[in-house]
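Input: a single structure, listed below in structure tokens.
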Amino acid sequence: MSQATPSRSTWSNRWAFILVTIGSAVGLGNIWRFSYLAGASEGSVGVFVVVYLVCVALIGLPLLMAEILIGRRGRGNPVAAMLNTAAESGNSSWWALLGWVGIFGALMILSFYSVVSGWMVDYFWRSLVEGMNVSTPEEAKAAYDATMANPWRQGFWHTVFMILTVGVVARGVVAGIETANKIMLPLLFLILIFLAFWGTVAGDMPAALNFMFNLKTEAIKPGVVIDGMGHAFFSLSLGMGAIMAYGSYLDKKTNIGHTCLWVAGVGAFIGLLCGAAIFSLTFRYGLEPAAGPGLILQTLPLAFTHMPGGRLVAILFFLFVIFAAWTSSISLLEPFVSWLTERYGIRRARAAWGTALPVWLLGLAVCLSFNEWSEFKIFGRTIFYLLDHFATRFMMPLSGLAIAIYVGWRLGKMIVVDEIRLKQRTFNLWFDVLRFVVPVGITLIFFYELVLRNWLK
Ligand code: TRP
């Protein structure tokens, strides 16, 4: 049954693994998604933020460890890793379904992730060549609406972003993915520190922090608690085989628990820092934090136009977003590519370009769903929302739940103990959380998304 190839690549060292995993985690989720969800939950933002943090610790961290465990133990792409560990532990090969959901789900996410990243490349290009030049909120909104209305423009930048993504994955695990992360992440940190500093000087940091951590709410908005939980999931890249694939290149010596603490800690920290910088500018320029998915593309250009040195800050900011999105998108392509190369012996470069083609086509449909095809709806949703909602509300929670059940209840303690070498008390704590807290928490998200949300609205 074993599908793993004998000569698998391995990350250069433990820090390389931490770096690539942080690279996968920190992305549009922390910048674009976090700020618009937090902004949209005005009135209960503190609740959203605290729930997000608690869930990173209680659901995200345990699952992150479980996913890496499967990947490393199974020594193969997500499908092979599931098959191998299931065979080793005497479980049904049906568990491989989890690997399939992962490799296809990741491609689904990539199709719209690449389009949204394309908007960011577009805005980067504009700040580079002509400056943002929007002086009123109306102008900023008009510029954003015009971007959304133009499928050619979106399609073009989506294509550029896909090429960037494939370019890295095609080069391989160490030469491509690890190297790209080693170059981009330090730059990303530097820019972020600068931006947070600038956000403090040029923006209204006290107002931002007050906004984000104000727990005194009149009434907790329905949905805020669950959204916080769902976001913890998305922002840690969980449930889609990405982390499993990365874990499969991890050597046996590295301590999974310590590694995951770093990843979850740094991921959440960057999320908060981005949020603080974005909101501090939003408030300084009297903008609306509840602008929705267009938040950073509408409020920030306006802030950039008015602040001293704004053009340079704009360029750096969008560069930062591109780096963050790029190091994440490669982790969405890798699971499927590693499956193709290992299962069929297809050369990596060919596998990467071949996989990207259908994803790119689906992405073009996503571009059209904002304009020409905006009336075309399945289950009342445009293609963009259909893909997003199906993946993040349906596939991710379900596959996270399955992973918790698999590692917590089916894999057998021998294997788990052998992979997760923690002191006994810490181990027991983690294992209990994985067996009980995680399944119950995820069931709540899922129940809410499928059932309660429809009733509440
Ligand atoms: N975590 C990334 C972000 O916050 C997105 C992402 C990358 C992802 N790989 C993933 C989400 C795998 C789910 C599954 O932008």
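The values are calculated or read from the model by the stated rules, or taken from the named source; none is laboratory data. Note that the structure is a prediction, hence the values are computed from the model and not measured. When we count neighbours, we look across all protein chains shown, and the Cβ atoms used for this are built from the backbone with ideal geometry, even at glycine. Note: areas computed on protein heavy atoms with side chains; ligands, DNA, RNA excluded. Shrake-Rupley method; radii C 1.70, N 1.55, O 1.52, S 1.80 Å.
Values as computed for the structure displayed
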item: Cβ-based charge dipole, the chain, positive-most Cα from Ile31, Thr85, Leu364; result: Thr85
item: Inter-label distance, nm, simple model (7 Å from Cα along the C-beta direction), Leu364/Phe269; result: 4.4
item: Gain on full stretching of the segment that runs from Ser92 to Phe213 - 0.36 nm per residue minus C-alpha separation; result: 38.9 nm
item: Accessible surface, 1.4 Å probe, highest first, among residues Phe323, Phe17; result: Phe323, Phe17
item: Of all accessible heavy-atom area on the chain, the percent that carbon and sulfur account for (1.4 Å); result: 68
item: Length added when fully stretched, Asn428-Lys253, from 0.36 nm per residue minus Cα-Cα; result: 60.9 nm
item: Distance from region 106-129 to region 307-356 (C-alpha centre basis), Å; result: 11
item: Contact order relative to length of region 233-317, as percent, for alpha carbon pairs under 8 angstrom and 6 or more apart; result: 16
item: Cα-based equivalent ellipsoid of region 161-310: semi-axis lengths in Å, sorted from largest, via gyration tensor; result: 32, 21, 15
item: FRET efficiency estimate (nearest 0.05) - Cβ-Cβ, Ala290 to Glu138, R0 25 angstrom; result: 0.90
item: All Cα pairs of the chain, percent lying beyond 28 Å; result: 48
item: Ellipticity estimate at 222 nm from DSSP helix runs (n ≥ 4, -39,500 (n - 2.57)) divided over the chain, nearest 500; result: -22500 deg cm²/dmol
item: Average Cα contact separation per residue, region 30-92, under 8 Å, 6 or more apart, as relative contact order %; result: 14
item: Dipole magnitude (debye, nearest 20) for the chain, charges at Cβ of Lys, Arg, Asp, Glu; result: 1280
item: Förster-model FRET efficiency, 45 Å R0, Arg350 and Val201, C-beta, rounded to 0.05; result: 0.35
item: Inter-site label distance for Leu261 and Val437 at 7 Å from Cα along Cβ, in nm; result: 1.5
item: Span from the region 270-299 Cα centroid across to the region 185-253 one, whole angstrom; result: 13
item: Gained length - Val451 relative to Ala57, 0.36 nm times residue gap less alpha-carbon distance; result: 139.3 nm
item: Candidate lysines - alpha carbon under 26 Å from Lys253, same-chain residues fewer than 8 apart omitted; result: Lys182, Lys413, Lys423
item: Relative contact order [Cα under 8 Å, 6+ residues apart], the chain, whole percent; result: 34
item: Sparse-neighbourhood loop sites, chymotrypsin sites (Phe, Trp or Tyr not before Pro) in region 350-433 - DSSP loop, at most 13 other Cβ within 10 angstrom; result: Phe376, Phe379
item: Karplus 3J(HN,Hα) series, Hz, for region 424-431 with 6.51 cos²θ - 1.76 cosθ + 1.60 (x for Gly, Pro); result: 4, 5, 5, 4, 4, 4, 4, 5
item: In nm, spacing of pseudo-spin labels at Ala146 and Val417 (7 Å Cα→C-beta vector); result: 6.6
item: Surface per residue (accessible, 1.4 Å probe) for the chain, Å²; result: 39
